[in-house]
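In what follows, a single structure is set out as structure tokens and then discussed.
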Amino acid sequence: MAHNHTRQGLHPLTQTLIGAQSMIDPIFANINKIIERDSKATTYKFALLRGVIDIIQDNSPYIRFSDDRVIIPTGLLLEKWLLYYYPILESETLIPQINGDINLAFGVQFRKLINDYRSLGGFSAFYNDLSNKGIPTLLQPDFLGLSKKLYDTITRMPMKYIGRSVNKEFYSIFKCEPGTRKLTNGSIDVAYLIHTYGTFSIPVEYYNSFRVLGSFINGQDSILFKWAQFSVNASHQPLSLEKVIAGLLRSPITERDVRESKRIYRSALKKEGKVYCVWTGDLLTKYDVDHMVPFSIWKNNDLWNLLPSGSRINNKKKDKIPSVIRIENQSELILKYWNLINECQPVRFQREIKISLLGDKYNNDWQSAGQTVPHVHIHLIPRYTGDVPRRRGGVRGVIPGKKGY
């Protein structure tokens with residue numbers, strides 16, 4: 001993307017994005033001010049921005065639009081914070097998250113839960129329980145206490161203060177709607193968080209900006225780098241940026257988890273007998289279990305995202321996302337395998353496809369939803385100066401005859 005001017009005081013990243021999306025110029029300028037000027041007493045601001053961007057980049061089915069605002073379950077943000085702060089607080093090396101000797105608002109509760117899981121498998125086991133099995137009954141009081149503390153921290157601190165550098169008002173960007181927070185007889189897991197802790201909303205302009213910003217979240221101007229830089233500067237001990245960034249990027253999904261999911265899938269296929277390559281339809285004697293959306297692009301190990309593929313095709317595909325046309329052409333076979341794995345692992349399969357793809361709209365009818373939503377896809381449409389006469393509207397404006405409004 002080309003641009004032939006610079007704006008003093010803005011990051012090179014922001015300048016590039018302004019050149020690419022001039023129609024939301026003021027919003028990018030505001031985001032730059034928020035990252036640079038809003039209070040940096042803790043890493044809460046970075047965690048909130050990172051979480052919102054990650055949720056938007058995940059294209060969560062729970063995201064809703066209402067007039068000029070975008071509504072997101074706060075429980076999705078709680079899940080992100082749980083996964084961000086667990087490896088940091090578990091680390092043997094102190095990685096500061098707040099200036100001075102003050103503890104994080106949720107530090108005591110979080111360390112208690114981390115200690116609970118030390119003998120149960122640590123971070124990976126916690127993630128497994130949160131996303132699949134449900135938090136064990138004996139640990140539920142500690143988990144619920146931490147969840148409440150995280151919710152209070154997020155809604156009363158970064159959500160309240162982010163944006164004050166722009167317009168001097170509280171809750172100027174984030175608006176919160178509390179949930180019921182009533183216990184149910186069901187599992188305490190991600191779905192519980194989603195349905196218990198209400199919602200927050202952001203202006204649709206910020207949503208659109210975060211979608212673009214998330215694609216460029218690399219380099220020294222990224223939130224991750226700023227977060228790591230804060231921790232290094234706040235540390236009174238030798239601490240490298242690399243070590244902090246490694247902690248921030250640590251995934252709860254291990255190779256062992258991937259192998260176990262593939263083992264479950266192979267077991268289901270063995271009962272089926274004949275196995276066909278999902279991408280070619282060829283009958284296979286040997287096959288790979290492939291992540292439909294590559295694991296390197298989306299750390300998603302759900303059973304719906306695993307499909308049998310010929311080794312040659314899988315090696316050729318590697319980290320590429322299948323085209324929409326390819327997925328639509330093979331949708332019958334994809335749905336066949338989804339039905340198969342649903343018969344063998346109904347609870348896990350339905351929980352995962354609901355949380356990752358469908359949301360509550362298709363509560364007990366994922367098969368019907370699968371007819372119309374059989375794929376995850378990403379659109380990358382480059383922009384450049386002078387690509388269209390009038391640069392307002394959406395990305396359709398770069399395709400002749402596709403906008404006209």
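Taken together, Ser124, Ser131, Ser119 contain a single residue that is part of a loop (DSSP other than H, G, I, E, B) and in the same structural domain as Tyr206 (by TED's automatic domain parsing), which is Ser119. Specify the residue that is nearest to the chain's Cα centre (by Cα); the eligible residues are those in the stretch 304-328 that are crowded, with 20+ Cβ neighbours inside 10 Å and either modelled with pLDDT of 85 or more or farther than 12 Å from Trp279 by Cα (or both). The residue in question is Asn305. Can you name the residue in the stretch 76-102 that is over 25 Å from the mean Cα position of the chain (by Cα) and of a type in the set (Asp, Glu) and is also nearest to Gln140 (Cα to Cα) among such residues? So the residue we want is Glu92. Figure legend. Inter-residue proximity from the stretch 285-296: first residues assigned by TED's automatic domain parsing to the domain that holds Ser261 and under 14 Å from Ile327 (Cβ atoms), second residues of a type in the set (S, T, N, Q) and outside any strand (DSSP E or B), beta-carbon distance below 8 Å, spacing 6+ or different chains. Indicated pairs: Asp290/Asn314; His291/Asn300; His291/Asn301; His291/Asn305; Met292/Asn305; Val293/Asn300; Val293/Asn305. The conditions of being over 22 Å from the mean Cα position of the chain (by Cα), in a helix (DSSP H, G or I) and closer than 22 Å to Phe174 by Cα are not met by Ala105. Within the stretch 80-109, the set of residues being within 18 Å of Lys148 (Cβ to Cβ) and free of Cβ contacts under 8 Å to residues at least 40 places away in the same chain comprises Lys80, Tyr85, Leu89, Asn103, Gly107, Val108. Screening Asn233 on (1) modelled with pLDDT under 85; (2) assigned to a helix (DSSP H, G or I) shows it passes everything except condition (1).
A search for C-beta distances below 7 Å between a residue of the stretch 245-264 that is in a loop (DSSP other than H, G, I, E, B) and any residue that is among the basic types (Lys, Arg), counting only pairs 6+ apart in sequence or on different chains, returns Ser251/Lys299; Ile253/Lys299. Listed residues Ile154, Ile162, Ile135, Ile173; which is out of contact with any Cys (no Cβ under 9 Å at 6 or more places or on another chain), within 26 Å of Tyr117 (Cβ to Cβ) and crowded, with 17+ Cβ neighbours inside 10 Å? Result: Ile135 is the single residue among Ile154, Ile162, Ile135, Ile173 that is out of contact with any Cys (no Cβ under 9 Å at 6 or more places or on another chain), within 26 Å of Tyr117 (Cβ to Cβ) and crowded, with 17+ Cβ neighbours inside 10 Å. Does Glu177 meet the test of being of a type in the set (Asp, Glu), farther than 28 Å from Asp142 by Cα and at pLDDT 85 or above? Against the criterion (of a type in the set (Asp, Glu), farther than 28 Å from Asp142 by Cα and at pLDDT 85 or above), Glu177 does not qualify. Of all the listed residues (Phe46, Phe143), the sole one being assigned to a helix (DSSP H, G or I), within 20 Å of the chain's Cα centre (by Cα) and of a type outside the set (D, E, K, R) is Phe46.
Of everything listed in (1) modelled with pLDDT under 95; (2) on the phi > 0 side of the Ramachandran plot, the single unmet condition for Ser187 is (2).
When the residues of the stretch 244-294 are narrowed to those that are under 30 Å from Asn329 (Cβ atoms) and polar (S, T, N, Q), which ends up surrounded by the most Cβ atoms within 10 Å (Cβ to Cβ)? Ranking the qualifying residues of the stretch 244-294, first place goes to Ser261.
The values are calculated or read from the model by the stated rules, or taken from the named source; none is laboratory data. Because the structure is a prediction, the values reported are computed rather than measured. All Cβ positions, even for glycine, are placed from backbone atoms using ideal geometry, and neighbour counts span all protein chains on display.
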